[in-house]
Structure formats: structure tokens, C-alpha cells
Amino acid sequence: MSQDKQAKLTGVRGMNDLLPQEAPLWAHLEQSIQGLVRSYGYQQIRTPIVEQTALFKRGIGEVTDIVEKEMYSFEDSLNGEQLTLRPEGTAAVVRAVIEHNLLYEGPKRLWYTGPMFRHERPQRGRYRQFHQLGIEALGFAGPDVDAEIILMCQRLWDDLGLTGIRLELNSLGQSNERAAHREALIEHFKKHESELDEDAKRRLLTNPLRILDSKNPAMKPIVESAPQLLSYLGEESLKHFEGVQRLLKANNLPFKINPRLVRGLDYYNLTVFEWVTDQLGSQGTVAGGGRYDPLIAQMGGKPAPACGWAMGMERVIELMKEQGLSADVDNGCDVYVLHQAGDTLEAALVVAERLRSAGIEVILHCSPDGAAASFKSQMKKADGSGAAYAIIIGPDELAAGQAQLKDLRRDGQQMTVAIDGLVDAVINQLVSISE
């Protein structure tokens, strides 16, 4: 056998397995998301994991970090197409909206979840394959929808029981206002060119707004003294921004205006926002988004306003763990069925299927070697499963057409029940627990 065949195979760095002990927390988050989007009238959309590379170059911007350094791109060996594993969801959603003419009948509220891919250094809550929840409201121009999607975030934090997540808000205005601000930024940073790091020097003439998002502590004084975009906003942009703030205040949602807040994608205008925490180290942004009115036309569609946000699901999971919320997740089933193989196994399997048909969660004991295990060892498995009840079917019980129903979580009481009456008996017991 070659050395390669003997070597232990591992997952790709930054692309993680979801293990069974973590699955309940993910299920809890996903169920909360399902309830959230239904309560706001959003419809699900799913797009492919692989898209044409040109989609992201046009949609995200060629001078962004994502396009320049982080995308997983390759050439299709069959037809030579340049393809990319999606690094974010908005560009793909907009492509689908244009391609299928979804705005023909009017505005749409859409949502998606799924894996995204970025080639970057893995950190806590920041991975090469990660999962996003995305909310996209297309065809709405007013500040009301900006406020609504922000309030959706707060409702999700409340539903999950998360605390300590702060809202930061800014406005990027319109393209002409950003152009005037851009010139002022270039002039400011050129005066300090010798003090700029390599990233800032590279962005100086291509995307100076992104310098404001620098995480380099040495750049902080230069960034803080730079001209603020809010000073360059015109009447309409200010009116929109003030409208968003007024609606948030009406809903008693606190926020901080951060004039240095920019987003890492080129398509944003007007409202931008981030939800941040101090509990995840350097990866403090939990969710973020804003308005991207130019994007639909930029990608070849009929001009239409749009706004949205995306949330890194791994970061939210990390935050839930940090705040001890995993203890609230129920990892047990309803019933564990024990037997002694042979005819008792057949009867146990029939009982398990009847219970499942009634909507009851069941684990049927299966021995690793296929042989009958002692009831003592099976009871240990039943207790470890988290099941509320055990059903025991041995040869004596089967001969009498009966089974033993044992309470595993409260008083340990055991009762004899006719096999044909097990479904009703289990339902009655489960109802008594919930009362």
C-alpha cells in the first residue's frame, strides 16, 4: 500500500464538519429563522452554489478584497467557462430576480440560507466555507423597508435570547455625493501617504472609502481625521437617513451613528448598518447590510431599489455558545424501544413505526453486532438518549400481547400496556408532561 493511501485524510482547513452534538443548536437557529421570515412575509429563494465569475466581478466590484483575493474561482474543463463558488448571496439573488423577471408583478421580499466560500485565514466564527442567512427586499424605495429589515435582526436576537449586540448605522448617500467625498478622501490620504500601510496605498486611487474600514491600529488617527461622508450628503439622502432613524426610535431600538461605517461591497448606497458584539474577539460583526439601489441596473436589469442584510450563522452559533444558550436546546427524543431480538424485534419495529406515524420521535435499539443485548445495557442506552419514556418488549410481554412503558425522566414508574394501546398511552403520557 502506498504512503498516500496510508495517510490519514482530513477536511479542508476552514471547511468544518457539523457534528451531531452541535446539530441541535443549528436546528434551533434554523427554526427561529423560519419563524422570523414567515412573520415578516418573506419568501424563500435558492440559487446555485456555483455562478459565473463575471457575476461577482460586476456585482461585488473588481477592487474589493473578495474579488481580488478571496474567491474560489476555476475554469470549467468541459466548456472553458470561468466559474466561482459563491462568496456571498446578494449578487446571485439579483441575477435570479433579473433572469426570471421576478419584479414584473411588483416588489418582492426574499430570503435565503446556504453555504458561501471565501479563501481567507480561518478564525473564530470566520471560515472558508460558512453559512449565511440573507434578507433581500427588492422594489421598495422608502426608509420604511430599511427600518423593517433592521427590526427583523433585533427580533431574531430577541427570539434567540441573545444580548449585547449593538446596532451601528450610517448613510453612504448617492453616487455623486460619494464622488465628492472620494475626492476629499484622496486628498486627505495623499497628505499622509508615507504613513499608509500597503493595503491603504493600493486602495488610495481605486477604492479610498475602504481605507476607512482598516483594522490596522496604526491607521486609526489618519482614519479618524478623514473627511466624513455625512458632511457631503444632499437633502434627499439626509431625509432618507433621518426617516430610518425616526422609525427605529419609534420602535425604541437604540443605535449609534458611526460615520466611519462602510461595507466591504461596492453596491451599497444610502443606509448601511452593522450589528456588532464584543464577545467574539476581533470578529465582532454578527450581521450587516443596507441599501443597494444601483445593483439591479448595474447587473443588466430594469432599475429598481433594493435593500437587505446578511448574517454569518457560524458567528451567531458561537455567540449562542458564549452566552450559554445551548443548554436550552432539547437533544432528546420521546421514546426508546427495547427488545430481545427475534420475534420481539419484529414487534418492536412495528410499534416504533406506529408511534412515528402518530408524530412521536422514536429510537429503536439496534445492537452493534446484531445480537440481543441485555435489558440492563439497553436501559443505559435509553437513558443516555434523552428519551422521555422506554418501551420494553421481552418474550413474556410479547406472549401476553403487552409491553412495559417506563418513565425515564420523572418518577421512574413503569406500567403494563397492551401493545395495541401503546400509541394512545404514550400520547397521554407526553401530554401530561407538557401540562
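What whole-number value in cubic angstrom gives the convex hull volume per residue for the C-alpha atoms of the chain? Intermediate values should be presented prior to the final figure.
Values: hull volume 95.7 nm³, N = 435.
Spread over its residues, the Cα hull of the chain gives 220 Å³ apiece.
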If I take every Cα pair under 8 Å that is 6 or more residues apart in the chain, average their sequence separation and divide by the length, what percent do I get for the relative contact order?
14
Rounded to a whole number of µm²/s, how large is the Stokes-Einstein D of segment 6-140 at 4 °C and 1.567 mPa s, given Rh as the Kirkwood radius over C-alpha pairs?
77
Between segment 276-315 and segment 405-435, the alpha-carbon center distance in angstrom
49
Take every Cα-Cα pair in segment 221-354 and report what % of them are more than 18 Å apart.
73
Tell me, how many Å apart are the Cα centres for segment 373-390 and for segment 69-94?
49
What is the Cα radius of gyration of segment 335-429 over 2.2 N^0.38 Å, N being its residue count?
0.96
Indicate, rounded to the nearest 5 percent, the antiparallel portion of the DSSP beta bridges found entirely in segment 335-429.
55
Order 332-344, 181-193, 68-80 from most to least packed using the mean count of other Cβ atoms within 10 Å.
332-344, 181-193, 68-80
Given the C-alpha centroids of segment 165-225 and segment 117-137, what is the distance between them in whole angstrom?
24
Helix-only mean residue ellipticity at 222 nm, the chain, DSSP H runs n ≥ 4 weighted -39,500 (n - 2.57), per residue, nearest 500. What is it?
-11000 deg cm²/dmol
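How big is the dipole moment of segment 335-429 about its Cα centre under a simple scheme where the beta carbon of each Lys and Arg is +1, that of each Asp and Glu is -1, and everything else is neutral? Debye, nearest 20, please. The partial results should precede the final answer.
Values: 8 positive and 12 negative charges, 70 e Å.
Roughly 340 debye, rounded to the nearest 20.
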Counting other Cβ atoms within 10 Å, which trypsin sites (Lys or Arg not before Pro) in segment 200-275 have at most 10 and lie in a DSSP loop?
Lys215
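Quick one: compute the contact order of segment 335-429, relative version, from alpha carbon pairs under 8 angstrom and 6+ residues apart, as a percent. Walk me through the intermediate numbers first.
Values: 138 pairs, mean separation 27.8, N = 95.
That works out to 29 percent.
Just so you know, all these numbers are worked out from the coordinates, no wet-lab data involved. Every value quoted in this text rests on a predicted model; they were computed, and no experiment measured them. Positions of Cβ are backbone-derived with ideal geometry, glycine not excepted, and every protein chain shown enters the neighbour counts.
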